[in-house]
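Below: the structure, in structure tokens.
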Amino acid sequence: MEQKALILDEKAMGRAIARISFEIIERNKGVDNLCLIGILSRGGQLARRIADKIKSVEDREVPVGLLDITRFRDDRPDGGACPDQSELPFDINGKKVVLVDDVIYTGRTVRAAIDALMARGRPERIQLAVLVDRGHRELPIRADFIGKNLPTSREEQVKVLVKERDGEDKVIILG
Ligand SMILES: O=P(O)(O)OC[C@H]1O[C@H](OP(=O)(O)OP(=O)(O)O)[C@H](O)[C@@H]1O
Ligand SMILES: O=c1cc[nH]c(=O)[nH]1
């Protein structure tokens with residue numbers, strides 16, 4: 001598949017991440033008790049970026065964790081056999097957790113992520129930040145912070161590229 005449309009270039013992606021960061025600070029009246037948990041893998045890089053932005057604005061370090069949802073997926077009965085690649089070096093009990101992912105589509109990944117979190121403790125609250133909401137939800141799940149609403153057809157594929165993994169920052173539609 002090749003690139004059919006450029007949705008966000010590097011600059012636009014940076015602005016979207018900055019806006020999400022400001023909204024997280026505003027909605028939570030600061031960053032007390034807050035942590036960011038990125039869904040592996042690109043959610044992890046985006047969570048790190050949001051934490052860096054928050055640091056530059058608030059001068060506060062927000063803990064960042066990585067969540068592996070493989071064992072909680074509803075379409076991988078063998079997921080339990082996979083080693084858990086989560087990196088959550090802090091207690092989520094009583095924390096305000098902002099889950100971060102690159103794209104929300106059916107909502108099934110987020111459902112799995114909520115189960116993966118709950119298996120580790122009882123956060124005070126869970127909010128959801130995504131860079132792209134492409135619609136077509138199959139579960140009653142919505143994001144609290146959205147970089148871009150992008151109506152798509154089911155046949156299209158939305159790809160988020162991040163420098164750390166892909167060498168460049170952009171959001172594209174493949175077709
Ligand atoms: O709301 P959902 O229908 O669950 O879709 C969202 C998920 O889809 C994408 O991952 P994908 O499965 O394309 O794998 P990738 O992250 O390895 O590209 C994206 O990273 C989300 O995690
Ligand atoms: O649990 C999940 C997660 C992503 N996609 C699915 O189909 N199921």
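When D101 is tested against the conditions (1) away from ligand 1 (no atom under 14 Å from the Cβ); (2) under 16 Å from V64 (Cα atoms); (3) out of contact with any Pro (no Cβ under 9 Å at 6 or more places or on another chain), the lone failure is (1). Does the range 23-33 contain at least one residue that is of a type outside the set (D, E), on the phi < 0 side of the Ramachandran plot, within 16 Å of ligand 2 (Cβ to nearest atom) and part of a helix (DSSP H, G or I)? Taking every residue of the range 23-33 in turn, none turns out to be of a type outside the set (D, E), on the phi < 0 side of the Ramachandran plot, within 16 Å of ligand 2 (Cβ to nearest atom) and part of a helix (DSSP H, G or I). Among residues of the range 30-43 that are away from ligand 1 (no atom under 16 Å from the Cβ), those with a beta-carbon under 7 Å from a residue that is at pLDDT 95 or above and among the basic types (K, R) at least six positions away or on a different chain give the pairs V31/R60; N33/K95; N33/K96; L34/K96; C35/K95. Scanning the range 43-76 for residues that are within 16 Å of ligand 2 (Cβ to nearest atom) and either in contact with a Phe, Trp or Tyr (Cβ under 9 Å, 6 or more places away or on another chain) or of a type in the set (K, R) (or both) yields R71, R73, R76. Assuming V98 fulfils every condition listed in (1) within 18 Å of the chain's Cα centre (by Cα); (2) more than 13 Å from ligand 2 (Cβ to nearest atom); (3) more than 15 Å from S21 (Cβ to Cβ); (4) of a type in the set (A, V, I, L, M, F, W, C) apart from one, which condition is it? Condition not satisfied by V98: (3).
Residue-level analysis places D74 among those that are surrounded by fewer than 21 Cβ atoms within 10 Å (Cβ to Cβ), within 12 Å of ligand 1 (Cβ to nearest atom) and part of a loop (DSSP other than H, G, I, E, B). Here G147 does not fit the description of being on the phi > 0 side of the Ramachandran plot and modelled with pLDDT of 95 or more.
The values are calculated or read from the model by the stated rules, or taken from the named source; none is laboratory data. Please read these numbers as outputs of a predicted model, since none were measured by experiment. Methodologically, a virtual Cβ is constructed for each residue, glycine included, from the backbone with ideal geometry; neighbour enumeration extends over all protein chains shown.
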